[in-house]
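Reviewing the structure listed below.
The values are calculated or read from the model by the stated rules, or taken from the named source; none is laboratory data. Remember, it's a predicted structure, so these values are computed and weren't measured experimentally. Because the Cβ atoms are built from the backbone with ideal geometry, glycine has one as well, and the counts that use them run over all protein chains shown. Surface accessibility is based on the protein's heavy atoms, side chains included, excluding ligands, DNA and RNA. Shrake-Rupley method; radii C 1.70, N 1.55, O 1.52, S 1.80 Å.
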Amino acid sequence: EFSGMRLAGVEPNHITFIALLSGWGDLLSGSEALGDLLHGYACKLGLDRAHVMVGTAILGMYSKRGRFRKARLVFDYMEEKNSVTWNTMIDGYMRNGQVDDAVKLFDEMPERDLISWTAMINGFVKKGFHEEALAWFREMQISGVKPDYVAIIAALAACTNLGALSFGLWIHRYVVSQDFKNNVRVSNSLIDLYCRCGCVEFARQVFDKMEKRTVVSWNSVIVGFAANGHAHESLVYFRKMQEEGFKPNAVTFTGALAACNHVGLVEEGLRYFQSMKRDYRISPRIEHYGCLVDLYSRAGRLEDALKVVQSMPMKPNEVVIGSLLAACRTQGNNTVLAERVMKHLSDLNVKSHSNYVILSNMYAADGKWEGASKMRRKMKGLGLKKEPGFSSIEIDDCTHVFMAGDNTHVETTNIREVLELLSSDTRAQVTGICS
(Lines give C-alpha, C1' and ligand atoms only; values in the text may rest on other atoms or scores of the structure.)
Protein backbone atom coordinates (compact mmCIF):
# COMPACT_ATOMS: atom_id res chain seq x y z
CA GLU A 1 0.00 0.00 0.00
CA PHE A 2 2.82 2.37 0.91
CA SER A 3 4.61 1.63 -2.39
CA GLY A 4 1.38 2.26 -4.30
CA MET A 5 0.95 5.52 -2.43
CA ARG A 6 4.43 6.66 -3.47
CA LEU A 7 3.92 5.62 -7.10
CA ALA A 8 0.74 7.68 -7.14
CA GLY A 9 2.80 10.69 -6.11
CA VAL A 10 1.11 11.09 -2.70
CA GLU A 11 3.49 12.42 -0.05
CA PRO A 12 3.30 10.57 3.31
CA ASN A 13 2.57 12.57 6.45
CA HIS A 14 3.18 11.99 10.17
CA ILE A 15 0.18 9.63 10.46
CA THR A 16 1.59 7.43 7.68
CA PHE A 17 4.96 7.13 9.40
CA ILE A 18 3.48 6.46 12.83
CA ALA A 19 1.35 3.62 11.44
CA LEU A 20 4.21 2.07 9.47
CA LEU A 21 6.88 2.40 12.18
CA SER A 22 4.62 1.07 14.94
CA GLY A 23 3.95 -2.09 12.95
CA TRP A 24 7.51 -2.49 11.71
CA GLY A 25 8.96 -3.08 15.16
CA ASP A 26 6.81 -6.21 15.58
CA LEU A 27 7.82 -7.84 12.29
CA LEU A 28 10.20 -10.79 12.14
CA SER A 29 13.93 -10.12 12.07
CA GLY A 30 15.44 -9.52 8.66
CA SER A 31 13.45 -6.41 7.84
CA GLU A 32 15.85 -3.99 9.60
CA ALA A 33 16.88 -2.41 6.29
CA LEU A 34 13.28 -1.41 5.52
CA GLY A 35 12.99 0.16 8.97
CA ASP A 36 16.19 2.11 8.32
CA LEU A 37 14.74 3.30 5.00
CA LEU A 38 11.58 4.55 6.71
CA HIS A 39 13.73 6.32 9.28
CA GLY A 40 15.76 7.93 6.49
CA TYR A 41 12.62 9.04 4.69
CA ALA A 42 11.27 10.60 7.91
CA CYS A 43 14.62 12.42 8.32
CA LYS A 44 14.36 13.75 4.77
CA LEU A 45 10.99 15.30 5.61
CA GLY A 46 12.27 16.55 8.99
CA LEU A 47 9.64 14.57 10.90
CA ASP A 48 12.12 12.61 13.06
CA ARG A 49 13.06 15.71 15.07
CA ALA A 50 10.15 18.07 14.62
CA HIS A 51 7.24 15.68 15.25
CA VAL A 52 7.35 14.07 18.69
CA MET A 53 5.06 11.15 17.80
CA VAL A 54 7.09 10.21 14.72
CA GLY A 55 10.36 10.43 16.67
CA THR A 56 8.87 8.26 19.44
CA ALA A 57 7.66 5.70 16.88
CA ILE A 58 11.18 5.52 15.38
CA LEU A 59 12.90 4.94 18.72
CA GLY A 60 10.15 2.45 19.64
CA MET A 61 10.88 0.50 16.45
CA TYR A 62 14.61 0.36 17.21
CA SER A 63 13.93 -0.52 20.84
CA LYS A 64 11.71 -3.48 19.91
CA ARG A 65 14.48 -4.68 17.58
CA GLY A 66 17.06 -4.50 20.37
CA ARG A 67 18.97 -1.75 18.54
CA PHE A 68 19.31 0.45 21.60
CA ARG A 69 22.27 2.50 20.42
CA LYS A 70 20.22 3.77 17.47
CA ALA A 71 17.17 4.22 19.68
CA ARG A 72 19.19 6.39 22.06
CA LEU A 73 20.60 8.46 19.18
CA VAL A 74 17.05 9.14 17.99
CA PHE A 75 16.01 10.01 21.56
CA ASP A 76 18.89 12.45 22.07
CA TYR A 77 18.35 14.04 18.62
CA MET A 78 14.65 14.81 19.18
CA GLU A 79 13.83 18.49 19.67
CA GLU A 80 10.73 17.73 21.73
CA LYS A 81 9.99 14.78 24.01
CA ASN A 82 6.80 13.86 25.81
CA SER A 83 6.16 11.31 28.57
CA VAL A 84 5.57 8.57 25.98
CA THR A 85 9.03 9.23 24.50
CA TRP A 86 10.75 8.92 27.89
CA ASN A 87 8.72 5.86 28.89
CA THR A 88 9.41 4.09 25.58
CA MET A 89 13.16 4.52 26.05
CA ILE A 90 13.05 3.44 29.71
CA ASP A 91 10.93 0.38 28.91
CA GLY A 92 13.36 -0.60 26.14
CA TYR A 93 16.33 -0.37 28.50
CA MET A 94 14.58 -2.46 31.17
CA ARG A 95 13.51 -5.16 28.69
CA ASN A 96 17.11 -5.39 27.52
CA GLY A 97 18.45 -5.64 31.08
CA GLN A 98 20.21 -2.25 30.91
CA VAL A 99 18.98 -1.37 34.39
CA ASP A 100 21.56 1.32 35.17
CA ASP A 101 20.74 3.16 31.95
CA ALA A 102 17.02 2.95 32.71
CA VAL A 103 17.48 4.25 36.27
CA LYS A 104 19.68 7.13 35.06
CA LEU A 105 17.11 8.10 32.42
CA PHE A 106 14.28 7.79 34.96
CA ASP A 107 16.11 10.19 37.29
CA GLU A 108 16.52 12.67 34.42
CA MET A 109 12.81 12.69 33.56
CA PRO A 110 11.23 16.10 34.01
CA GLU A 111 7.99 14.49 35.22
CA ARG A 112 7.36 10.84 36.07
CA ASP A 113 3.96 9.28 35.64
CA LEU A 114 2.36 5.91 36.42
CA ILE A 115 3.68 4.38 33.20
CA SER A 116 7.25 5.38 34.10
CA TRP A 117 7.08 3.75 37.54
CA THR A 118 5.30 0.65 36.21
CA ALA A 119 7.91 0.18 33.46
CA MET A 120 10.66 0.16 36.11
CA ILE A 121 8.81 -2.17 38.50
CA ASN A 122 7.82 -4.59 35.71
CA GLY A 123 11.35 -4.53 34.35
CA PHE A 124 12.85 -5.43 37.73
CA VAL A 125 10.41 -8.34 38.15
CA LYS A 126 11.08 -9.74 34.68
CA LYS A 127 14.86 -9.63 35.31
CA GLY A 128 14.50 -11.34 38.70
CA PHE A 129 15.30 -8.27 40.82
CA HIS A 130 12.28 -8.77 43.07
CA GLU A 131 13.48 -6.88 46.13
CA GLU A 132 14.29 -3.88 43.96
CA ALA A 133 10.81 -4.11 42.40
CA LEU A 134 9.15 -3.87 45.83
CA ALA A 135 11.45 -1.01 46.84
CA TRP A 136 10.40 0.92 43.72
CA PHE A 137 6.74 0.07 44.37
CA ARG A 138 7.10 1.69 47.82
CA GLU A 139 8.85 4.72 46.32
CA MET A 140 6.07 5.11 43.77
CA GLN A 141 3.48 5.37 46.51
CA ILE A 142 5.62 7.73 48.58
CA SER A 143 5.88 9.97 45.51
CA GLY A 144 2.08 10.17 45.42
CA VAL A 145 1.52 8.07 42.28
CA LYS A 146 -1.35 5.60 42.70
CA PRO A 147 -0.61 2.15 41.22
CA ASP A 148 -2.95 0.62 38.66
CA TYR A 149 -3.67 -3.08 38.32
CA VAL A 150 -0.57 -3.63 36.14
CA ALA A 151 1.75 -2.26 38.85
CA ILE A 152 -0.11 -4.25 41.51
CA ILE A 153 0.24 -7.50 39.55
CA ALA A 154 3.98 -6.83 39.13
CA ALA A 155 4.37 -6.16 42.87
CA LEU A 156 2.42 -9.33 43.72
CA ALA A 157 4.69 -11.31 41.37
CA ALA A 158 7.71 -9.97 43.26
CA CYS A 159 6.10 -10.94 46.60
CA THR A 160 5.36 -14.42 45.24
CA ASN A 161 8.93 -15.00 44.11
CA LEU A 162 10.36 -13.72 47.40
CA GLY A 163 7.78 -15.43 49.60
CA ALA A 164 7.12 -11.96 51.06
CA LEU A 165 3.75 -12.80 52.60
CA SER A 166 3.36 -9.74 54.86
CA PHE A 167 3.96 -7.34 51.96
CA GLY A 168 1.52 -9.38 49.88
CA LEU A 169 -1.10 -9.10 52.64
CA TRP A 170 -0.62 -5.33 52.67
CA ILE A 171 -1.13 -5.20 48.89
CA HIS A 172 -4.27 -7.34 49.28
CA ARG A 173 -5.68 -4.85 51.78
CA TYR A 174 -4.84 -2.05 49.35
CA VAL A 175 -6.56 -3.95 46.52
CA VAL A 176 -9.76 -4.21 48.57
CA SER A 177 -9.64 -0.55 49.62
CA GLN A 178 -9.11 0.66 46.05
CA ASP A 179 -11.82 -1.55 44.54
CA PHE A 180 -9.48 -3.77 42.52
CA LYS A 181 -11.04 -6.85 44.14
CA ASN A 182 -13.12 -7.64 41.05
CA ASN A 183 -10.11 -7.50 38.73
CA VAL A 184 -9.64 -11.11 37.59
CA ARG A 185 -5.91 -10.81 36.93
CA VAL A 186 -5.27 -9.27 40.36
CA SER A 187 -7.28 -12.05 42.03
CA ASN A 188 -5.35 -14.70 40.08
CA SER A 189 -2.10 -13.15 41.26
CA LEU A 190 -3.31 -13.17 44.87
CA ILE A 191 -4.26 -16.85 44.62
CA ASP A 192 -0.82 -17.64 43.23
CA LEU A 193 0.87 -15.66 46.03
CA TYR A 194 -1.06 -17.36 48.82
CA CYS A 195 -0.56 -20.84 47.37
CA ARG A 196 3.17 -20.27 46.94
CA CYS A 197 3.36 -19.08 50.56
CA GLY A 198 1.39 -22.10 51.81
CA CYS A 199 -1.71 -20.09 52.79
CA VAL A 200 -4.26 -22.17 50.91
CA GLU A 201 -7.19 -20.96 53.00
CA PHE A 202 -6.50 -17.36 51.97
CA ALA A 203 -6.26 -18.54 48.36
CA ARG A 204 -9.61 -20.32 48.72
CA GLN A 205 -11.25 -17.16 50.10
CA VAL A 206 -10.02 -15.08 47.17
CA PHE A 207 -11.19 -17.72 44.69
CA ASP A 208 -14.63 -18.12 46.30
CA LYS A 209 -15.24 -14.35 46.26
CA MET A 210 -14.41 -13.94 42.58
CA GLU A 211 -17.45 -12.80 40.58
CA LYS A 212 -15.84 -13.92 37.34
CA ARG A 213 -13.24 -16.69 36.83
CA THR A 214 -11.00 -17.67 33.95
CA VAL A 215 -9.09 -20.85 33.15
CA VAL A 216 -6.09 -19.21 34.83
CA SER A 217 -8.13 -18.80 38.04
CA TRP A 218 -9.00 -22.50 38.09
CA ASN A 219 -5.44 -23.49 37.22
CA SER A 220 -4.11 -21.37 40.08
CA VAL A 221 -6.15 -23.21 42.70
CA ILE A 222 -5.72 -26.66 41.14
CA VAL A 223 -1.93 -26.36 40.85
CA GLY A 224 -1.61 -24.42 44.12
CA PHE A 225 -3.62 -26.87 46.21
CA ALA A 226 -1.77 -29.83 44.67
CA ALA A 227 1.61 -28.25 45.43
CA ASN A 228 0.60 -27.77 49.07
CA GLY A 229 -0.46 -31.38 49.53
CA HIS A 230 -4.22 -30.76 49.35
CA ALA A 231 -4.53 -33.29 46.58
CA HIS A 232 -8.15 -34.36 47.04
CA GLU A 233 -9.37 -30.75 47.08
CA SER A 234 -7.27 -30.02 44.00
CA LEU A 235 -9.01 -32.85 42.14
CA VAL A 236 -12.40 -31.63 43.35
CA TYR A 237 -11.63 -28.24 41.77
CA PHE A 238 -10.45 -30.05 38.63
CA ARG A 239 -13.78 -31.83 38.25
CA LYS A 240 -15.81 -28.75 39.23
CA MET A 241 -13.99 -26.70 36.62
CA GLN A 242 -15.20 -29.01 33.88
CA GLU A 243 -18.72 -29.13 35.32
CA GLU A 244 -18.88 -25.34 35.04
CA GLY A 245 -17.97 -25.51 31.35
CA PHE A 246 -14.29 -24.57 31.47
CA LYS A 247 -11.97 -26.52 29.20
CA PRO A 248 -8.79 -27.69 30.97
CA ASN A 249 -5.47 -26.92 29.28
CA ALA A 250 -1.93 -28.29 29.64
CA VAL A 251 -1.35 -26.41 32.91
CA THR A 252 -4.60 -27.78 34.37
CA PHE A 253 -3.53 -31.35 33.69
CA THR A 254 -0.12 -30.71 35.24
CA GLY A 255 -1.92 -29.75 38.45
CA ALA A 256 -4.25 -32.75 38.30
CA LEU A 257 -1.36 -35.17 37.69
CA ALA A 258 0.64 -33.59 40.53
CA ALA A 259 -2.35 -34.05 42.83
CA CYS A 260 -2.51 -37.73 41.90
CA ASN A 261 1.21 -38.01 42.71
CA HIS A 262 0.73 -36.75 46.25
CA VAL A 263 -1.91 -39.32 47.18
CA GLY A 264 -0.68 -42.24 45.08
CA LEU A 265 -3.62 -42.36 42.67
CA VAL A 266 -1.66 -44.12 39.93
CA GLU A 267 -4.56 -45.43 37.87
CA GLU A 268 -6.51 -42.17 38.09
CA GLY A 269 -3.40 -40.24 37.07
CA LEU A 270 -2.91 -42.52 34.06
CA ARG A 271 -6.56 -41.97 33.06
CA TYR A 272 -6.07 -38.20 33.20
CA PHE A 273 -2.93 -38.50 31.09
CA GLN A 274 -4.77 -40.52 28.44
CA SER A 275 -7.81 -38.22 28.57
CA MET A 276 -5.57 -35.21 28.02
CA LYS A 277 -4.28 -36.74 24.79
CA ARG A 278 -7.48 -38.41 23.58
CA ASP A 279 -10.30 -36.09 24.66
CA TYR A 280 -8.60 -32.69 24.67
CA ARG A 281 -6.00 -33.23 21.91
CA ILE A 282 -3.24 -31.83 24.15
CA SER A 283 0.25 -33.05 23.28
CA PRO A 284 2.01 -33.98 26.52
CA ARG A 285 4.90 -31.73 27.46
CA ILE A 286 7.95 -32.67 29.47
CA GLU A 287 6.26 -31.63 32.72
CA HIS A 288 3.45 -34.13 32.09
CA TYR A 289 5.93 -36.94 31.50
CA GLY A 290 7.74 -35.77 34.63
CA CYS A 291 4.50 -36.15 36.59
CA LEU A 292 4.10 -39.69 35.21
CA VAL A 293 7.65 -40.57 36.25
CA ASP A 294 6.99 -39.14 39.71
CA LEU A 295 3.65 -40.96 39.90
CA TYR A 296 5.25 -44.36 39.22
CA SER A 297 8.28 -43.56 41.38
CA ARG A 298 6.28 -42.67 44.48
CA ALA A 299 4.31 -45.90 44.04
CA GLY A 300 7.55 -47.91 43.94
CA ARG A 301 7.08 -48.89 40.27
CA LEU A 302 10.58 -47.83 39.27
CA GLU A 303 10.82 -49.97 36.13
CA ASP A 304 7.60 -48.41 34.82
CA ALA A 305 9.03 -44.98 35.60
CA LEU A 306 12.20 -45.81 33.67
CA LYS A 307 10.13 -46.99 30.70
CA VAL A 308 8.44 -43.57 30.60
CA VAL A 309 11.85 -41.87 30.58
CA GLN A 310 13.05 -44.13 27.75
CA SER A 311 9.88 -43.71 25.64
CA MET A 312 9.45 -39.95 25.98
CA PRO A 313 9.38 -38.14 22.60
CA MET A 314 11.78 -35.53 23.99
CA LYS A 315 14.99 -35.82 26.01
CA PRO A 316 14.31 -35.99 29.75
CA ASN A 317 15.60 -33.02 31.71
CA GLU A 318 17.45 -33.03 35.01
CA VAL A 319 14.24 -32.64 37.01
CA VAL A 320 12.72 -35.80 35.52
CA ILE A 321 15.91 -37.79 36.03
CA GLY A 322 16.30 -36.38 39.54
CA SER A 323 12.80 -37.51 40.46
CA LEU A 324 13.56 -41.09 39.45
CA LEU A 325 17.01 -41.04 41.08
CA ALA A 326 15.54 -39.81 44.35
CA ALA A 327 13.02 -42.67 44.19
CA CYS A 328 15.86 -45.14 43.58
CA ARG A 329 17.42 -43.91 46.79
CA THR A 330 14.26 -44.01 48.92
CA GLN A 331 13.03 -47.31 47.45
CA GLY A 332 15.77 -49.55 48.79
CA ASN A 333 18.84 -47.60 47.58
CA ASN A 334 18.64 -49.23 44.14
CA THR A 335 22.07 -48.28 42.71
CA VAL A 336 21.74 -50.69 39.77
CA LEU A 337 18.67 -48.90 38.41
CA ALA A 338 20.16 -45.53 39.32
CA GLU A 339 23.19 -46.26 37.12
CA ARG A 340 20.86 -46.98 34.19
CA VAL A 341 19.03 -43.73 34.80
CA MET A 342 22.27 -41.73 34.94
CA LYS A 343 23.15 -42.79 31.39
CA HIS A 344 20.50 -40.35 30.19
CA LEU A 345 22.49 -37.47 31.72
CA SER A 346 25.29 -37.90 29.19
CA ASP A 347 23.03 -36.44 26.46
CA LEU A 348 22.16 -33.36 28.48
CA ASN A 349 23.94 -30.07 29.00
CA VAL A 350 24.12 -30.61 32.74
CA LYS A 351 24.21 -27.46 34.86
CA SER A 352 23.21 -28.93 38.22
CA HIS A 353 25.20 -31.01 40.67
CA SER A 354 22.21 -32.56 42.45
CA ASN A 355 21.82 -35.82 40.49
CA TYR A 356 25.51 -36.65 40.79
CA VAL A 357 25.35 -35.96 44.52
CA ILE A 358 22.36 -38.30 44.88
CA LEU A 359 24.15 -41.20 43.17
CA SER A 360 27.38 -40.47 45.06
CA ASN A 361 25.48 -40.65 48.36
CA MET A 362 23.81 -43.88 47.27
CA TYR A 363 27.19 -45.45 46.58
CA ALA A 364 28.45 -44.25 49.96
CA ALA A 365 25.39 -45.70 51.73
CA ASP A 366 26.22 -49.10 50.20
CA GLY A 367 29.91 -48.77 51.08
CA LYS A 368 30.87 -48.48 47.40
CA TRP A 369 33.49 -45.80 47.96
CA GLU A 370 35.05 -46.12 44.52
CA GLY A 371 31.69 -45.36 42.91
CA ALA A 372 31.15 -42.38 45.21
CA SER A 373 34.62 -41.06 44.39
CA LYS A 374 33.99 -41.54 40.67
CA MET A 375 30.84 -39.39 40.84
CA ARG A 376 32.76 -36.63 42.66
CA ARG A 377 35.50 -36.72 40.03
CA LYS A 378 32.85 -36.57 37.30
CA MET A 379 31.35 -33.47 38.91
CA LYS A 380 34.76 -31.85 39.10
CA GLY A 381 35.47 -32.70 35.46
CA LEU A 382 32.19 -31.07 34.40
CA GLY A 383 32.93 -28.01 36.49
CA LEU A 384 29.98 -28.66 38.80
CA LYS A 385 30.07 -27.62 42.43
CA LYS A 386 27.68 -28.50 45.21
CA GLU A 387 25.75 -25.33 45.86
CA PRO A 388 25.17 -24.48 49.53
CA GLY A 389 21.62 -24.59 50.78
CA PHE A 390 20.00 -21.41 52.02
CA SER A 391 17.09 -20.29 54.13
CA SER A 392 15.23 -17.01 54.22
CA ILE A 393 13.04 -15.10 56.63
CA GLU A 394 10.87 -12.05 56.09
CA ILE A 395 11.03 -9.32 58.77
CA ASP A 396 9.34 -5.93 58.40
CA ASP A 397 8.70 -6.49 54.67
CA CYS A 398 12.39 -7.26 54.06
CA THR A 399 13.59 -10.75 53.06
CA HIS A 400 16.86 -11.91 54.65
CA VAL A 401 18.72 -14.82 53.03
CA PHE A 402 21.25 -16.99 54.86
CA MET A 403 23.62 -19.65 53.52
CA ALA A 404 25.65 -22.24 55.39
CA GLY A 405 28.84 -20.60 56.64
CA ASP A 406 27.68 -17.20 55.36
CA ASN A 407 29.16 -14.17 57.16
CA THR A 408 28.08 -11.45 54.73
CA HIS A 409 24.88 -10.35 56.48
CA VAL A 410 25.23 -6.92 58.09
CA GLU A 411 23.84 -8.26 61.37
CA THR A 412 26.03 -11.39 61.46
CA THR A 413 27.79 -10.44 64.71
CA ASN A 414 24.53 -9.70 66.54
CA ILE A 415 22.90 -12.86 65.15
CA ARG A 416 25.77 -15.03 66.39
CA GLU A 417 25.65 -13.37 69.83
CA VAL A 418 21.91 -14.13 70.14
CA LEU A 419 22.44 -17.73 68.94
CA GLU A 420 25.19 -18.19 71.52
CA LEU A 421 22.91 -16.78 74.22
CA LEU A 422 20.09 -19.14 73.19
CA SER A 423 22.52 -22.06 73.10
CA SER A 424 23.78 -21.24 76.60
CA ASP A 425 20.23 -20.99 77.95
CA THR A 426 19.35 -24.35 76.38
CA ARG A 427 22.43 -26.01 77.87
CA ALA A 428 21.58 -24.53 81.30
CA GLN A 429 17.99 -25.84 81.10
CA VAL A 430 19.17 -29.32 80.05
CA THR A 431 21.70 -29.37 82.90
CA GLY A 432 19.00 -28.35 85.37
CA ILE A 433 16.64 -31.10 84.15
CA CYS A 434 19.35 -33.76 84.29
CA SER A 435 20.47 -32.76 87.79
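A count restricted to segment 218-245 and to residues that are surrounded by fewer than 22 Cβ atoms within 10 Å (Cβ to Cβ) and under 19 Å from the mean Cα position of the chain (by Cα) stands at 2. Return yes when Val266 is out of contact with any Pro (no Cβ under 9 Å at 6 or more places or on another chain) and closer than 18 Å to Tyr194 by Cβ and no when it is not. So Val266 does not fit the description; no. Among the residues of segment 166-176, those that are open to solvent by less than 40 Å² (accessible area, probe 1.4 Å) and closer than 13 Å to Ser189 by Cα comprise Gly168, Ile171, Val175. Would you please name the residue that is nearest to Phe246 (Cα to Cα), looking only at residues in segment 199-228 that are among the acidic types (Asp, Glu) and in a helix (DSSP H, G or I)? The residue in question is Asp208.
When you check Asn96 against the structure, is it at pLDDT below 90, within 28 Å of Thr160 (Cβ to Cβ), of a type in the set (S, T, N, Q) and surrounded by 15 or more Cβ atoms within 10 Å (Cβ to Cβ), yes or no? Yes; evaluated as a whole, the condition is true for this residue.
Applying the condition of being more than 18 Å from the chain's Cα centre (by Cα) and open to solvent by less than 10 Å² (accessible area, probe 1.4 Å) to segment 251-260 and asking which residue is farthest from Ala299 (Cα to Cα) yields Phe253. Scoring Pro248 on the criteria (1) open to solvent by 10 Å² or more (accessible area, probe 1.4 Å); (2) under 30 Å from Ser217 (Cβ atoms); (3) outside any helix (DSSP H, G or I) leaves a single failure, condition (1).
Residues checked against (1) modelled with pLDDT under 90; (2) of a type in the set (Asp, Glu); (3) open to solvent by less than 20 Å² (accessible area, probe 1.4 Å); (4) within 27 Å of the chain's Cα centre (by Cα):
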site: Glu287; (1), (2), (3), (4): no, yes, no, yes
site: Asp304; (1), (2), (3), (4): no, yes, no, no
site: Gly332; (1), (2), (3), (4): yes, no, no, no
site: Lys343; (1), (2), (3), (4): yes, no, no, no
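Being of a type in the set (Val, Ile, Thr), out of contact with any Gly (no Cβ under 8 Å at 6 or more places or on another chain) and part of a helix (DSSP H, G or I) is the requirement here; does Val336 meet it? In short, yes. Each residue in segment 66-88 was checked for being touching a Phe, Trp or Tyr at 6+ places or on another chain (Cβ under 9 Å) and open to solvent by 10 Å² or more (accessible area, probe 1.4 Å), and 9 of them qualify. Looking only at segment 172-188, count every residue that is at pLDDT 95 or above and under 22 Å from Ser116 (Cβ atoms) and tell me the total. Adding up the residues that qualify gives 2.
Among all residues of segment 321-330, there is none that is touching a residue at least 24 places away in the same chain (Cβ under 8 Å), open to solvent by 40 Å² or more (accessible area, probe 1.4 Å) and among the β-branched types (Val, Ile, Thr). Annotation for segment 4-15: at least one member residue is at pLDDT 65 or above and surrounded by fewer than 19 Cβ atoms within 10 Å (Cβ to Cβ). Among the numbered conditions (1) buried (at least 18 other Cβ atoms within 10 Å of the Cβ); (2) at pLDDT 75 or above, the only one that Leu38 does not meet is (2).
Tallying residues that are within 26 Å of Leu265 (Cβ to Cβ) and surrounded by fewer than 19 Cβ atoms within 10 Å (Cβ to Cβ) within segment 177-217 yields 7.
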